[in-house]
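Asks: This is the structure, below, for whatever I ask next.
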Amino acid sequence: MTDRSRHLGRILFVLSLFVAVLVLSACSGPDRLGLESVVDTELPQNALDPAGPEARTIDNLWWLVFWIATAIFVVVEAALLFAVVRFRKREGDDRPVRQVHGNTRLEIVWTIVPAVLLAALAVPTVATLFDLRDEPAPAENALQIEVIGHQWWWEFRYPEYGFSTANEMHIPAGRPVYLTMTSEDVIHSFWVPRLGGKRDVVPGRETNLTLEADEPGLYLGQCAEFCGLAHADMRQRVFAETEAEFEAWARAQAEPAVLPDSGAALAGWETFQIVCASCHAISGTPATAEFAPDLTHFASRTTFGGATFANTTANLREWLADPSGLKPMRPERNDLETGRILGMPSFDLTDADIDALIAFLETLR
Ligand code: CUA
C-alpha cells in the first residue's frame, strides 16, 4: 500500500464514521418522553426560534454576528477565487514566479480591521450578557424561582408560594421570571433555548438568569454542561400559562398532599414510608427528606426521572422495578450522611409493592 492510498483510506474511514454518526443520531428509541403529543414543532429546542424577549435579544445578536461573518466569508472567498484565476499558471509562460516578502501596510490593515470588528462586536455581546443576568425592575413584577441542579434532576422552588417541585417549571406567560440558581453537587447548566440564555449552575455559588415566554406553551430544555452519567437525561420542561392558570397551579402545588385512607393506595403509602421516605418528601406528612424530588403533587407532572420519561403507569412500573435500567445512575455510591446522592437504587420491590406504590403515586394530584 502506498502512503498516498493509506492516507486516502484514512480520510474515507473518518468520513464514513461521520456519516454513520449522522445516520445513527437520526434514529431514536421508543418515545418514552411522549413528545409527539406535547410539542407541535420538530425542533422544540431551537435557539433560532425565540419565544420570548430574552431569547430574541440573543437571537438578534446571533444574526448580527452571522451576517458579519457571512460578509467576511464572501469577501475572502471572492478575493481567493480572483487570485486563483487571475494569477494561475498559463500555457507557455515559464517565467519564474515573482516572490513577495512582507507588505507592512497590508499587514497593519489586516490586523487592525479584525481587531476593530471584534471590539465592535464585544459591545453588544457584553451588554447582552449583563442584561440577561440583571434582575428585572420591580415594576415588571418578575416571578422568583430558585433553581437547584442535582445529579441528575432539577429542583424548582417557588419562595413566594412555599413549595418545591422537580424538572417541570410552570411560569406565567408575558411576565419575566428571575431565576436564582445554584447546584447541590457538580456544575450543571440551565438552558431552555426558546426562552433565554444558558447559564451554569455552580455549587457554592449563586448565578442568575431572566427568562420570559411571550405566549402560553410548552418549552423544552436540558442540562447543557456535562455532569456525569445521566447528563443526557437531565432535562427541563417549562410550561408557560396564562396568569390565571399559573396562579391556580401554584396554589394547588402549595397545598399539602391528601393521603389515601383505603385500598391499594393506602398500602402504597405504607410502602412509601418504609422504602421511599428516606429520600423523598411529601408535604403535610412525616416524609420530609430532600435528597430526591419532592413528590407532593407527583401525579400533576407529565414526566419524571429528569423530565425524561412520560409519567405513565408503564414507565413508572419499569422505573420502580429497576431505576438504573431506565436511566443510567450510580445509586451504589449514595451516601445519605453527606447528602451525596447519585440516583435511585433498586429496592427489589415485589409486583404487589410496585402496584401499590403506583396506586399511591397516582393519588398525588
Ligand atoms: Cu446536569 Cu448535565
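Asks: Kindly establish whether Arg330 is charged (D, E, K, R), under 20 Å from Ala250 (Cα atoms), open to solvent by 20 Å² or more (accessible area, probe 1.4 Å) and modelled with pLDDT under 95.
Replies: No; evaluated as a whole, the condition is false for this residue.
Asks: Of the numbered conditions (1) crowded, with 16+ Cβ neighbours inside 10 Å; (2) away from the ligand (no atom under 16 Å from the Cβ); (3) without any contact (Cβ under 8 Å) to a residue 60 or more places away in the chain, Arg301 satisfies every one except a single condition; which is it?
Replies: It fails just one condition, (3).
Asks: Moving on. Here are Glu184, Glu245: which of them is within 16 Å of the ligand (Cβ to nearest atom) and in contact (Cβ under 8 Å) with a residue 24 or more places away in the chain?
Replies: Of Glu184, Glu245, the one residue that is within 16 Å of the ligand (Cβ to nearest atom) and in contact (Cβ under 8 Å) with a residue 24 or more places away in the chain is Glu184.
Asks: Considering Leu209, Leu229, which residue is on the phi < 0 side of the Ramachandran plot, touching a residue at least 40 places away in the same chain (Cβ under 8 Å), within 16 Å of the ligand (Cβ to nearest atom) and surrounded by 20 or more Cβ atoms within 10 Å (Cβ to Cβ)?
Replies: So the residue among Leu209, Leu229 that is on the phi < 0 side of the Ramachandran plot, touching a residue at least 40 places away in the same chain (Cβ under 8 Å), within 16 Å of the ligand (Cβ to nearest atom) and surrounded by 20 or more Cβ atoms within 10 Å (Cβ to Cβ) is Leu209.
Asks: Got at least one residue in segment 130-140 being of a type outside the set (A, V, I, L, M), more than 16 Å from the ligand (Cβ to nearest atom), more than 17 Å from Ser189 (Cα to Cα) and open to solvent by less than 50 Å² (accessible area, probe 1.4 Å)?
Replies: There is at least one residue in segment 130-140 that is of a type outside the set (A, V, I, L, M), more than 16 Å from the ligand (Cβ to nearest atom), more than 17 Å from Ser189 (Cα to Cα) and open to solvent by less than 50 Å² (accessible area, probe 1.4 Å).
Asks: For segment 266-283, enumerate the residues that are part of a helix (DSSP H, G or I) and touching an Asp or Glu at 6+ places or on another chain (Cβ under 7 Å).
Replies: Thr271
Asks: On the given criteria, is Ala321 within 20 Å of Asn167 (Cα to Cα) and touching a residue at least 24 places away in the same chain (Cβ under 8 Å)?
Replies: no
Asks: For a quick check of your reading: which helices (runs of 4 or more DSSP H) sit entirely within segment 284-363 and have at least 3 residues that are among the aliphatic types (A, V, I, L, M)?
Replies: The qualifying helices (runs of 4 or more DSSP H) are 313-321, 351-361.
Asks: Within segment 282-325, can you find the residues that are of a type in the set (A, V, I, L, M) and out of contact with any Cys (no Cβ under 6 Å at 6 or more places or on another chain)?
Replies: Residues satisfying the conditions are Ile282, Ala287, Leu295, Ala299, Ala307, Ala310, Ala314, Leu316, Leu320, Ala321.
Asks: Could I ask something else about it? Would you confirm, using the coordinates I've provided, whether Thr111 is modelled with pLDDT of 90 or more, under 26 Å from the mean Cα position of the chain (by Cα), of a type outside the set (Lys, Arg) and surrounded by 10 or more Cβ atoms within 10 Å (Cβ to Cβ)?
Replies: Answer is no for this residue.
Asks: Right, next: Considering only segment 244-263, state which residues are charged (D, E, K, R) and surrounded by 13 or more Cβ atoms within 10 Å (Cβ to Cβ).
Replies: Glu245, Glu247, Glu255
This table checks each residue for (1) within 16 Å of the ligand (Cβ to nearest atom); (2) not in a strand (DSSP E or B).
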| site | (1), (2) |
| --- | --- |
| Met169 | yes, no |
| Leu218 | no, no |
| Phe239 | no, no |
| Ala252 | no, yes |
| Pro260 | no, yes |
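Here's the yes/no breakdown for (1) more than 10 Å from the ligand (Cβ to nearest atom); (2) open to solvent by less than 10 Å² (accessible area, probe 1.4 Å); (3) at pLDDT 95 or above:
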{"site": "Phe190", "(1), (2), (3)": "no, yes, yes"}
{"site": "Lys198", "(1), (2), (3)": "yes, no, no"}
{"site": "Val202", "(1), (2), (3)": "yes, no, yes"}
{"site": "Met234", "(1), (2), (3)": "no, yes, yes"}
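Asks: Something else: Looking at Ser189 and the list (1) part of a loop (DSSP other than H, G, I, E, B); (2) over 22 Å from Pro159 (Cβ atoms); (3) not basic (Lys, Arg), which single condition is not satisfied?
Replies: Condition not satisfied by Ser189: (1).
Asks: Which of the residues belonging to segment 141-157 are of a type in the set (Gly, Ala, Ser) and away from the ligand (no atom under 12 Å from the Cβ)?
Replies: The answer is Ala142, and nothing else.
The values are calculated or read from the model by the stated rules, or taken from the named source; none is laboratory data. For clarity, every value in this text was computed on a predicted model and none was experimentally measured. Every residue, glycine among them, receives a Cβ derived from its backbone with ideal geometry; neighbour counts consider all protein chains shown. These accessible areas exclude ligands, DNA and RNA; they are computed on the full protein's heavy atoms, side chains included. Shrake-Rupley method; radii C 1.70, N 1.55, O 1.52, S 1.80 Å.
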